[in-house]
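Data first, discussion second: the structure below is written as structure tokens.
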Amino acid sequence: MFKWFKLAIAAAMLAAASLSVPAPSQAASVTCSTTSCLTTALANAQPGDVITLAAGVTFTGNFVASKNGTSSAKITIKGASTTNKPVLNGGTTSSGYALYITGDYYDVRNVKITNAKKGIMLDHANNNWLEYLEVYNIGEEGVHFRDGSSNNVIKSSSVYDTGKLNPEYGEGVYVGSDVGKWGSYKKETDHNRISGVSFGPNVRAEHVDIKEGSTGTVVENCTFDGTGISGANYADSFMDVKGNDDIIRNNTGYRNGNSKIVDAFQVHERASGWGQNASFTGNTVYLDNATAYVVNADSGATAAASNNTRSPSGNMYKGSVN
């Protein structure tokens with residue numbers, strides 16, 4: 001009798017304990033064709049969720065992706081069609097971000113981003129994958145990895161018509177923050193990769209601007225159409241490199257008669273100890289004249305260069321370029 005009583009008590013305690021432990025959340029799949037659906041799906045997102053955006057639909061608003069996925073269960077935001085991509089429309093080029101990512105482990109693909117002051121902003125957002133995107137008609141920069149956002153990839157995408165509001169801030173992809181902003185944003189925006197991205201026409205500032213304080217950015221297999229680079233705020237090259245240990249390889253650039261472009265790639269020491277050890281290999285640039293340098297390393301900056309090609313023949317390297 002006593003043994004049976006003890007077993008009954010144990011069973012009751014086990015049942016009570018099981019009631020107090022929440023069941024694990026399950027990944028969800030939702031297809032959205034309205035702004036409210038997308039907003040709700042993002043707010044409630046859990047690791048492994050797949051949010052599919054209906055083909056050809058325009059979603060107007062400033063969308064925030066703040067939840068975290070995991071390395072094995074990313075949160076996916078994808079267009080239902082690769083040929084009729086849905087559109088995230090920020091509503092105006094004078095304010096806001098069309099897509100604001102502050103979470104980790106997102107996979108965003110097959111979406112158009114347009115009509116916002118900044119297209120895609122990532123703050124303290126890590127291990128995100130952006131692919132098959134089209135970013136255009138943006139007031140300032142198209143894509144910005146900011147505030148310590150590291151280990152992110154943008155791949156096989158196009159960025160054009162940026163800087164519509166302020167040409168001097170109209171970069172295609174912007175990595176990190178200027179030294180004057182380090183008090184507001186974490187400078188260590190490291191190991192981001194920009195791969196197979198088509199820039200231009202009418203990216204009004206540099207196509208890629210890598211800021212001091214960031215390390216190990218890779219820019220590879222990209223195409224730079226220099227048409228429309230404005231020259232405003234020293235926007236006079238395809239790329240401005242101010243981080244450390246950056247790798248720029250196998251890219252192709254076209255000056256297209258734009259006199260504002262004075263060099264293909266520039267390296268600067270914007271802050272002491274930065275702008276060091278950039279590597280330029282296998283790049284091909286069409287510069288219209290013999291004057292522009294392929295790599296121009298400003299005073300204090302250092303770089304290495306090999307197997308780069310320019311057309312027509314002319315100046316190759318300036319400054320501390322090995």
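The values are calculated or read from the model by the stated rules, or taken from the named source; none is laboratory data. The structure presented is a predicted model; accordingly, all values stated were derived computationally and were not measured. Note that we place each Cβ from the backbone using ideal geometry, even for glycine, and neighbour counts take in every protein chain shown.
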Complete set of residues in the range 131-148 that are within 12 Å of the chain's Cα centre (by Cα) and buried (at least 22 other Cβ atoms within 10 Å of the Cβ) | LEU133, VAL135, GLU141, GLY142, VAL143, HIS144, PHE145, ARG146
Given ASN151, ASN128, ASN115, which one is surrounded by 20 or more Cβ atoms within 10 Å (Cβ to Cβ) and either at positive phi or of a type in the set (Ser, Thr, Tyr) (or both)?
-> ASN115
For the range 284-317, what are the residues that are within 13 Å of ASP263 (Cα to Cα), of a type outside the set (Ser, Thr, Tyr) and either surrounded by fewer than 16 Cβ atoms within 10 Å (Cβ to Cβ) or within 27 Å of the chain's Cα centre (by Cα) (or both)?
-> VAL285, LEU287, ASN289, ALA290, VAL294, VAL295, ASN296, ALA297, ASP298, GLY314, MET316
From VAL262, VAL241, which residue is out of contact with any Asp or Glu (no Cβ under 8 Å at 6 or more places or on another chain), of a type in the set (Val, Ile, Thr), within 16 Å of ASN296 (Cα to Cα) and touching a residue at least 24 places away in the same chain (Cβ under 8 Å)?
-> VAL241
Filtering the range 195-224 down to residues that are hydrophobic (A, V, I, L, M, F, W, C) and in contact with a Lys or Arg (Cβ under 8 Å, 6 or more places away or on another chain) yields VAL197, ILE210, VAL218, VAL219
Please enumerate the residues belonging to the range 160-175 that are closer than 16 Å to ILE101 by Cβ and touching a Ser or Thr at 6+ places or on another chain (Cβ under 9 Å).
-> VAL175
Enumeration of residues in the range 148-179 that are over 14 Å from GLU131 (Cα atoms) and in contact with a Leu (Cβ under 8 Å, 6 or more places away or on another chain) = SER149
Over the range 63-80, the set of residues in a strand (DSSP E or B) and surrounded by 18 or more Cβ atoms within 10 Å (Cβ to Cβ) is PHE63, ALA65, ILE75, THR76, ILE77, LYS78, GLY79
Can GLU134 be described as acidic (Asp, Glu) and either assigned to a strand (DSSP E or B) or in contact (Cβ under 8 Å) with a residue 40 or more places away in the chain (or both)?
-> yes
Selected residue (criterion: farthest from ASN127 (Cα to Cα)) from residues of the range 174-208 that are without any contact (Cβ under 8 Å) to a residue 40 or more places away in the chain and not in a loop (DSSP other than H, G, I, E, B) = GLY180
Given the structure, is VAL159 at pLDDT 95 or above, buried (at least 19 other Cβ atoms within 10 Å of the Cβ), touching a His at 6+ places or on another chain (Cβ under 8 Å) and farther than 22 Å from ALA28 by Cβ?
-> yes
The range 81-101 residues that are surrounded by 14 or more Cβ atoms within 10 Å (Cβ to Cβ), paired with ones that are among the acidic types (Asp, Glu) (beta carbon under 8 Å, 6 or more apart) | LYS85/GLU134; TYR100/ASP123; ILE101/ASP123
